[in-house]
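For reference, the structure discussed in these notes is given below.
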Amino acid sequence: MTREAALGLLQQYNKEPFHIRHGLTVEGVMRFFARELGYGEQEDFWGLVGLLHDLDFELYPEAHCIKGQEMMREAGLPEEMIRAAASHGYGLTVDIVPEQEMEKVLYACDELTGLIGAAAKMRPSKSVQDMEPKSVKKKFKSAGFAAGCSREVIANGAKMLGWELDELIARTLEAMKACEAGVDEQMHALGLE
């Protein structure tokens, strides 16, 4: 599937700008990590999994990562991509264990990008560019802040990767800084600011 077709598929099932932005952000973060972790030749695959990982969330939040598998099969996506996207719901809605490094990165970063994004919205700049890892850690420790972002999933994701939580936060923040301008441009181009 081309990137354009994947974006069209995301927009077919997601109308809320928040969900589109999240998909674009996770795509950018996954592409960043593909390059950083030595999987540059798989960057497009990592990116498409990131873009489509929440395909079903807006319409079927109770069946998240379950309905998405059906939707992706209907779209003709390969089983490897379907499994990778569904694995980020491990322990929540599915029992698909993140095994590949890419699946572990998605599992670890998905919730964390939401937490970092929520923290960025509270800043005068509305951006991650001037954010430090310690600010994210402070928000992470505040259970009432972005309460929908599971701290347990983030911490478990860091463990899966063999990283300290601080390293996961710092690297994910760096990834979001690297892709933020591109995400903003795409949102503008889609008329979804």
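In the stretch 1-12, the residue that is most open to solvent (accessible area, probe 1.4 Å) out of those that are assigned to a helix (DSSP H, G or I) and aliphatic (A, V, I, L, M) is A5. For the stretch 105-118, the count of residues that are open to solvent by 60 Å² or more (accessible area, probe 1.4 Å) and either in contact with a strand residue (DSSP E or B) (Cβ under 8 Å, 6 or more places away or on another chain) or over 24 Å from L7 (Cβ atoms) (or both) is zero.
Taking the criterion of being aliphatic (A, V, I, L, M), surrounded by 14 or more Cβ atoms within 10 Å (Cβ to Cβ), modelled with pLDDT of 95 or more and in a loop (DSSP other than H, G, I, E, B), would at least one residue in the stretch 13-28 satisfy it? Looking through the stretch 13-28, none of the residues is aliphatic (A, V, I, L, M), surrounded by 14 or more Cβ atoms within 10 Å (Cβ to Cβ), modelled with pLDDT of 95 or more and in a loop (DSSP other than H, G, I, E, B).
Selection of the stretch 166-193 for residues being surrounded by fewer than 18 Cβ atoms within 10 Å (Cβ to Cβ) and closer than 16 Å to Y107 by Cβ yields only E167.
The values are calculated or read from the model by the stated rules, or taken from the named source; none is laboratory data. Because the structure is predicted, anything quoted here is derived from the model rather than measured. We place every Cβ from the backbone using ideal geometry, glycine too, and count neighbours over all the protein chains shown. Areas reflect the complete protein model, heavy atoms only, side chains present, ligands, DNA and RNA absent. Shrake-Rupley method; radii C 1.70, N 1.55, O 1.52, S 1.80 Å.
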